[in-house]
Every structure is written in C-alpha cells, then in structure tokens.
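Heads up: the structure comes next, in structure tokens.
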Amino acid sequence: MNRKPWAQSSATFKVQLALVSTIPVAIGALFVILGGFDFSIGLIGVFLPIQVIVVGVFGWLKAKKRGLGDALLIFFTTFFSTLVLVLLLSVLGSVIFEGFKALSPHFIYENNRYVGTTTSLEYGGVGHAILGTILIVLLTTVAAVPLGIAMAVYLTQSQSKMRGVVRTVTQSLAGLPSVVAGLFILAVMQFTHLERSGLTGALALFPLMLPTVARVAEESLRLVPADLRMAALALGAPNYKAFFQVILPAAKSGIVTALLLGLARIVGETAPLILTTNMNNTTNLNPFSGPMASLPTYVYNFLGSSYSSSQQRAWGAALVLLIFVGILFGTARILGRKKSLKTSKKAK
Amino acid sequence: MAIDQKSGTELTQRRKLAAGPLSKGDKWFFRATAISANFAFVLVALIVVFLFVNAWPTLSAQGISFIFGDIWNPDAKHPVMQLGPMLWGSILVGFSGVLLATPMAISAAYLIVYLLPKPAARVATTIIDLLAALPSVVIGLWGIAVFSPVAISWAKISNQLLGWIPIFHVKDPNSAFADSPFIAGWIVAVMIVPIITSVTREIFSQMDDGLINGAVALGGSRFSVFRKVILPTSSSGIIGGILLGLGRALGETVAILYVLQLSFKINFFSVLESRGGAVASWILARFGEASNSEFHGLMAAGLVIFLVTLAVNMVASFIVNRAQPWRKN
C-alpha cells in the first residue's frame, strides 16, 4: 500500500489520472444527453463497464496485477461512497426544494383550523404541530436526560461487575423498533386508563431517547481524564462531590451533546406518536389532556391524502422537521468539536 | 476529646475520612446510579410483560401457527391471525437492505480512514452522521416521491438482464415494478448505511498501524493489504455492525410502509414482485381500524418483532463490544 501517494505523483501521472476519471463520465453523459438514453441505463449500462475497464487497464499498465487490484479497489470504494453522498444530497435537496414551495411565514405560526385536504396553501400551517412537538419532546427530555446521565455515571464511575451487561442491554434498547415503543405504551394505557394525549406520546418516546443519551453521555464522561477524579478523591472529596463539582463541569459540553443527539433521535419519530396521540388541527398547549399534533404525524397525515396541496403541506412540514434536526445536529457537532479540541490540547 | 487510658494525655481528635467507601453521601450516590442503570432491565422486562399480557389471547388461540401461517382474518367468528408472510417479508427486506448497505458502508469507511486527507475525512464523517439523524418519515417521503421512480428503472434493468435468475424473475411481464421488496431494501439500506459505517470506521481507525506498515514493508499493495490484513482483522467488528444495521432494518416502520405493497400472499425471494411484508409496517397499517381481537393480534406481532430485534441487537452489541477492547475501562 502506498502510504504517501501524493509524494511521488508527477504531473503526467496527474493528467493521466484526471483523464481516466473524466472520460467515462463524459461518455456516459454523452449517451444520456445526446443518445436519449434513460439515466439509469446510462449509469449502469454505459458508464460503469467503461469506467471499470478503463481503470483496470490503467492500473494494469502502471503495475500489472498489483496496479489492477489497487485501481479497482480505489474505484469501487469511491463509487460506492459517492452513491451514499448522492443519496443523502438527493434526500436533502428534494425536501428543501419541495418544502420551500410550501413555506411562508404563516405556514410556520398558523394552525390548521378550518383547513381540509384541498384547502390552498394560503391558509393554515404547522404552528400547532411545532408547539406540540416541542412540548412532547420536552416532557420526554425531562425524564430521559437525568436517567440517561445517571446510567452513564454508573457505567463510568462505579466498579460494579454488572457494567458489561448493563451496557449490552442499553445498546440493544437503542435498536428498539419505534413501533414497539408505541405498542408498549398502548398496552400500559389499557391497564391504567390513561387517555391519549401529549403525555402518552412523550412516554412512548422515552425508551427511544434513553439509550442515546446514556451512550453519548458515557462517551463524554470517559473523555474526562481519570486524574481529575483521582485528585478530587485524594483531596478528600466524596465521590458524589467529585462528580458534581469536577467531572460534570469538565464534561459539560459532552453532556449537552448527549441531550441534543437524544433530541435529534426522537424529534422525527413517527410511529409511536401515531399509535399514542390523536391528530389535532388546532393548538393545544396542555400535554396532559386532549389530542395533540406533532410534526411527524402531520407529515404522515397529509401524505396519506392524494391532493397536491396536502402533499405540499407534507413536504413543508418535513422541511420544518429537517430544520429542527439540522439545528440540533449542528449545535451538537460544534460543541463536540470544541470538546475534542480541548482534550487533544490537554493531551499534548 | 478522647483520652489515652494509659498516660492520661489528651489525644487530638481523629480526622474524619470524608471519602471513605462507606461515606453516606456516596452510598446514596452509587445506589441512585445503580437503580437507574438497572432501569434498563426493568424497561425491557416491562415491555415484554405488557406486550405479552395483551398478546396472550391471540398467542394462545393461534399457537405456533401465528408465526408460520399465512392467513389474517381477525373479524371472523373464529379469528385467524398468522404473521408468516409479514415476518418473512421483514427478513427479506432486512437482508436486501444489509446486502445493499454493506458494500457502501465498508467503502465509505475505507475512504474516510485510508484514502481521504484529514479535513475531508472529518467532513465525510459529519455527512454520514447527518444521514443517521434523518427522520424515517422524511426518508419515506423522499422514497415514495423521488427515489421510487429511479429504483423502478433499476428494477426493470435488472429484470431484463438477470430475469433468468429466480430472484429477479417477475411473473407478470407488464409488472409496474413499484412497491417491491427491492425498493424497500434500498430505502432501508439508506437508513442503515450510517450505522454500519460508523462501527466499521471506528474499527478501521483503531487498527494496529504496525500490522499495516508491516504488510506494506513486505511488499503488499493497497488491495492485498485491504484483502489480507484489514478485512480479516476487522471482520468480527464489521459483522457486529451489520447485525446492528439488520436490527434497525427489521424494526423499520414508516419508511417501508410508503414503498412496499403489504400482502399475505407470501413472497419468498422474488424481490422485484410488487408484494412483500414487514411486521412493523403491518402493525401501523392495520392499527387505525383494528377491532378488539385484531388489537391483540397486533400486540402479538409487536412482541414477536421486539424479541427478534432484541436478540439480533444483543448479539450485535456483544460482538461490537468484543471487537472494540479500547472502549472498556
């Protein structure tokens, strides 16, 4: 394996490389644009075989069998990674493009009272769903975050032998199918005669948020140097003071990241909310009674109808949801970046 | 003030050890964390118990045929509810998703760890994580409106080229190729690529550099190092990641509901036929109009898919934890 490929690549090699990687794309594009081929046929039937042959021959000419293997390896990893990138960009692009058509100021703050499936987009909006999502998610957070952090503390600070088992169970809870979380709360409702409301929705999201918070918090607590804790203990601080006054402040940004990633995990969950809350077209600020709308169920409901204005509403709500996720994810990223910079400086 | 019995002199008071293992505050601190940690077990137990109690009427009436039969008739005088086609459909979609996602995930991980320069690798990691954060309803919306038409043309091409293989065979020559397990597999693949990638990337990046350098020094090429050193040493971790992805795929609900025609005419492996199944999606699809007896049937379906995903995930996290010894304290 060439560990420093840039060190020896001469100008001619670079030109050859550029030719090898652009010519098949150009031929494929020619077939699609001028030949009137379907895009998929152009991709699978024209571009792929030509690219594989060209890359293979190029590698063979450079270094016989070794070059062939390397060239194909690099081509296929790049191709598949590009595929992932294209899929992601396609999701983001289509939601932003389609959702933007529905977006307008009143779409953000108005609720859907008097709005039917065919009502034009000049009326109504997702205001009630935004508020509903925020309330439901807040309720879940209040319960899941302290518990998740306590789990992380158990996994990092205690010396118990059960830690491995707890970690495995928590990780497998992270794979809990979201529809099962909804069914679970439904079963609980059968026993306790709870009414469908924002609260039941929040309860259904709880088992989904808990493992995410626990895992990310555990990793951030682990990043705190053990010396800090040992020093606090040596000074005579009891474990709980060492945790609250030394470790927690040091891991603050990591804990906030855990909170944000947990929020991003549940803010778009659809199936549990469909099972445990009732759709509402008006604003309801009381999560303990009455139907409560939320962004994912809003998307789900309006997508079920075939009218174009309803579809537009679904796209618009999806864009709002995506913006929520983006803000949470972006903030978590920035905080996480800062944290890793700090720790790496300390390590030096 | 304590007094020494022999000499009668006063002793200075003993300093109290604040951080003893038995200090009261610490006892409560560790007790509280232990209780919250054990809540994970309580939660799993609660889910099983509550689902089981609600599922019992159906399970006791249907017996083992609940899993293998293929009739769903909840409102008859003697309701018959059998989950076979949906369960098999979940497995079929899950495996197609894993088959499609694995090459993409390993490629992305290889690209990030071994090929891209540091800043680009960081951007690529962020992109993959962002993909993991996309809500499934958004993926479903994209799947039905944007991706399906493209995937249909891919399906047509594979049918024309490879139709002689039973997997790609379609009975009806004028089939629309829509709503097939093939498309559902692609949608699921989009959702599990980031899971497999992040596990694989971490294992690649923690690999012993000495191994790779040694192989290079012995004259290994990029390909032979990948094939003979990197893959064998990381294979167990990758398999763990794949199982994690499979667990997620088996439980996927909303996105599959949009792009798959749920049918009780079992579809064994013709991935291009417009019928298939998925337990989680079936629960959601039937739920709105479920009668009391069907409610119990859906609870039983939920119990089955929960136990299956729990088993897959347990094995997966066990393997992944074993493959990442640097994560243990």
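Overview of values
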{"item": "Of the criteria (1) in the same structural domain as A:Gly336 (by TED's automatic domain parsing); (2) free of Cβ contacts under 8 Å to residues at least 24 places away in the same chain; (3) more than 21 Å from the chain's Cα centre (by Cα); (4) surrounded by fewer than 22 Cβ atoms within 10 Å (Cβ to Cβ), which one A:Glu122 fails", "result": "(1)"}
{"item": "So B:Asp75, is it surrounded by fewer than 20 Cβ atoms within 10 Å (Cβ to Cβ), touching a residue at least 60 places away in the same chain (Cβ under 8 Å) and not in a helix (DSSP H, G or I)", "result": "yes"}
{"item": "Test set (1) at pLDDT 90 or above; (2) over 18 Å from B:Leu100 (Cα atoms) - B:Ser221 fails condition number", "result": "(1)"}
{"item": "Counted residues, region A:100-110 - those being closer than 20 Å to A:Met292 by Cβ and either modelled with pLDDT under 80 or in a helix (DSSP H, G or I) (or both)", "result": "3"}
{"item": "Residue count for region B:116-140, restricted to those that are facing chain A (nearest Cβ under 7 Å) and either part of a helix (DSSP H, G or I) or under 21 Å from A:Asp70 (Cβ atoms) (or both)", "result": "9"}
{"item": "Pair list, Cβ < 8 Å and 6+ apart or interchain, from region A:316-337 residues that are farther than 18 Å from A:Phe302 by Cβ to residues that are surrounded by fewer than 16 Cβ atoms within 10 Å (Cβ to Cβ)", "result": "A:Arg333/B:Thr126"}
{"item": "Of residues in region A:17-41 being among the hydroxyl-bearing types (Ser, Thr, Tyr) and more than 23 Å from B:Lys156 (Cβ to Cβ), the one surrounded by the fewest Cβ atoms within 10 Å (Cβ to Cβ)", "result": "A:Thr22"}
{"item": "Verdict on B:Glu294 being more than 10 Å from chain A (Cβ to nearest Cβ) and either out of contact with any strand residue (DSSP E or B) (no Cβ under 9 Å at 6 or more places or on another chain) or of a type in the set (Lys, Arg) (or both)", "result": "no"}
{"item": "Criterion (more than 9 Å from chain A (Cβ to nearest Cβ), of a type in the set (Val, Ile, Thr) and touching an Asp or Glu at 6+ places or on another chain (Cβ under 6 Å)) met by exactly one of B:Ile230, B:Ile256, B:Ile266", "result": "B:Ile266"}
{"item": "Matching residues in region A:174-189 - criterion: being at the interface with chain B (Cβ under 7 Å from one of its Cβ atoms), assigned to a helix (DSSP H, G or I) and either among the basic types (Lys, Arg) or surrounded by 24 or more Cβ atoms within 10 Å (Cβ to Cβ) (or both)", "result": "A:Ser178, A:Val179, A:Val180, A:Leu183, A:Phe184"}
{"item": "Single unsatisfied condition, A:Gln159 versus (1) more than 25 Å from A:Pro291 (Cα to Cα); (2) polar (S, T, N, Q); (3) at pLDDT 85 or above", "result": "(3)"}
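To keep it simple, each residue is scored yes or no on (1) among the hydrophobic types (A, V, I, L, M, F, W, C); (2) within 27 Å of the chain's Cα centre (by Cα); (3) more than 27 Å from B:Ala133 (Cβ to Cβ).
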| position | (1), (2), (3) |
| --- | --- |
| A:Gly56 | no, no, yes |
| A:Leu68 | yes, no, yes |
| A:Phe107 | yes, yes, no |
| A:Val126 | yes, yes, no |
| A:Thr133 | no, yes, no |
| A:Leu138 | yes, yes, no |
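The values are calculated or read from the model by the stated rules, or taken from the named source; none is laboratory data. In this text, all values refer to a predicted model and were calculated from it rather than measured experimentally. We place every Cβ from the backbone using ideal geometry, glycine too, and count neighbours over all the protein chains shown.
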